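Working notes, structure below.
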Amino acid sequence: MRPHASMTMDHGISEAEWQARCDLAALYRLIAFHRWTDLIYTHISLRVPGPEHHFLINEYGVLFHEMRASDLVKIDLDGNIVGPHAVPRPVNSAGFIIHSAIHAAREDLTCVIHTHTSAGIAVSAQEDGLLPISQHALRFYGRLSYHGYEGVALDLDERDRLVADLGQNRVMILRNHGLLAAGSSVAQAFLEIYYLERACAAQVDAQAGGGRLVLPPESVRQRTAAQSNRPGAEARDAFAWRSALRLLEGQPEWRC
């Protein structure tokens, strides 16, 4: 996808960055499609290809369902806006804290998604966290992290604790707050948040029924987790991502 006429190479945007912008704008719209938004809050970021570790994040105030490639703001790990926009545009401060922490520490994670859904917040407030009661939940068995609530994420020193709690995992429940998922690609991050959100929603629904819950034995938990993360996941994620993009057909163009 070549840069749009309004975002020409004169602004220093490479074709690789433009593709990243298009992918991220589409991801914002998919999050809106699934109703995982929180008005103008929560955020998604994507590292721009290159050695600088610059990343794209939403312009604060643009609703997710209307996000375009040109609405995304490129910032560095210190929060400074990096071209092509001569006029500074607002970025969510908490979004910068959370996303810069992961982009700085995890070279393997290029895309980071954070949500405040009802089901995600509900599970984040439960002492036992995500229960191994569904196939979706077992996808994360043994590879899900937790981070204790410290208030709105505005303090720079929380970044070290976020990274430490995430460890080598890609998904984390932020206690009393919401969910976080990351991936080596937009496709992987999307699938991680998709299944984590579904797992939380299933848990809340199951608990609402009032009956005793059935937990699979440990051997089945381990087996299902291994099956969910078997070789070939990258190709499957890409296939699912291309299918998900068709959900946006008929919407105003996001590649602009």
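The values are calculated or read from the model by the stated rules, or taken from the named source; none is laboratory data. Not measured: the values here are computed from a predicted model. Cβ: placed from backbone, ideal geometry, glycine included. Neighbour counts: every protein chain shown. Surface areas here come from the heavy atoms of the whole protein model, side chains and all, with no ligands, DNA or RNA. Shrake-Rupley method; radii C 1.70, N 1.55, O 1.52, S 1.80 Å.
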Subject >> Residues located in region 191-235, provided they are modelled with pLDDT under 95, under 18 Å from the mean Cα position of the chain (by Cα) and open to solvent by 80 Å² or more (accessible area, probe 1.4 Å) >> reply: Glu234
Subject >> Scan of region 164-174 for residues that are open to solvent by less than 40 Å² (accessible area, probe 1.4 Å) and either of a type in the set (A, V, I, L, M, F, W, C) or in contact (Cβ under 8 Å) with a residue 40 or more places away in the chain (or both), ordered by number >> reply: Leu166, Val171, Met172, Ile173, Leu174
**OP:** Those residues that are of a type in the set (D, E, K, R), surrounded by fewer than 16 Cβ atoms within 10 Å (Cβ to Cβ) and either touching a Ser or Thr at 6+ places or on another chain (Cβ under 7 Å) or in a helix (DSSP H, G or I) (or both), I need them from region 14-40; list them, please.
**Re:** Glu15
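Residue under question is Gly148, and the condition is that it be on the phi > 0 side of the Ramachandran plot and not hydroxyl-bearing (Ser, Thr, Tyr); does it hold?
Criteria not met by Gly148.
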Original post:
Restricting attention to region 44-52, does a residue exist that is modelled with pLDDT of 90 or more and closer than 16 Å to Gln251 by Cβ?
Top reply: no
**OP:** Filter region 39-63 down to residues that are touching a residue at least 40 places away in the same chain (Cβ under 8 Å) and under 14 Å from the mean Cα position of the chain (by Cα), then give me how many there are.
**Re:** 9
Subject >> Candidate set from region 102-139 (those that are over 22 Å from Trp241 (Cα atoms) and of a type in the set (Val, Ile, Thr)); member that is most open to solvent (accessible area, probe 1.4 Å) >> reply: Ile121
Original post:
Within the set of pairs 6+ apart or on separate chains, which have a first residue in region 135-150 that is without any contact (Cβ under 8 Å) to a residue 12 or more places away in the chain, a second that is not aromatic (Phe, Trp, Tyr), and C-beta atoms under 9 Å apart?
Top reply: Glu150/Glu158; Glu150/Arg161
**OP:** Look through region 42-98, keep the residues that are among the hydroxyl-bearing types (Ser, Thr, Tyr) and part of a loop (DSSP other than H, G, I, E, B), and return whichever of them is surrounded by the fewest Cβ atoms within 10 Å (Cβ to Cβ).
**Re:** Tyr60
**OP:** Scan region 99-129 residue by residue and report those that are under 14 Å from the mean Cα position of the chain (by Cα), hydrophobic (A, V, I, L, M, F, W, C) and part of a loop (DSSP other than H, G, I, E, B).
**Re:** Leu109
Subject >> Criterion (out of contact with any Gly (no Cβ under 8 Å at 6 or more places or on another chain) and open to solvent by less than 40 Å² (accessible area, probe 1.4 Å)) met by exactly one of Gly178, Gly151, Gly142 >> reply: Gly151
Subject >> Selection from region 63-78 of residues that are farther than 11 Å from Ile40 by Cβ and touching a Ser or Thr at 6+ places or on another chain (Cβ under 7 Å) >> reply: Ser70, Leu77
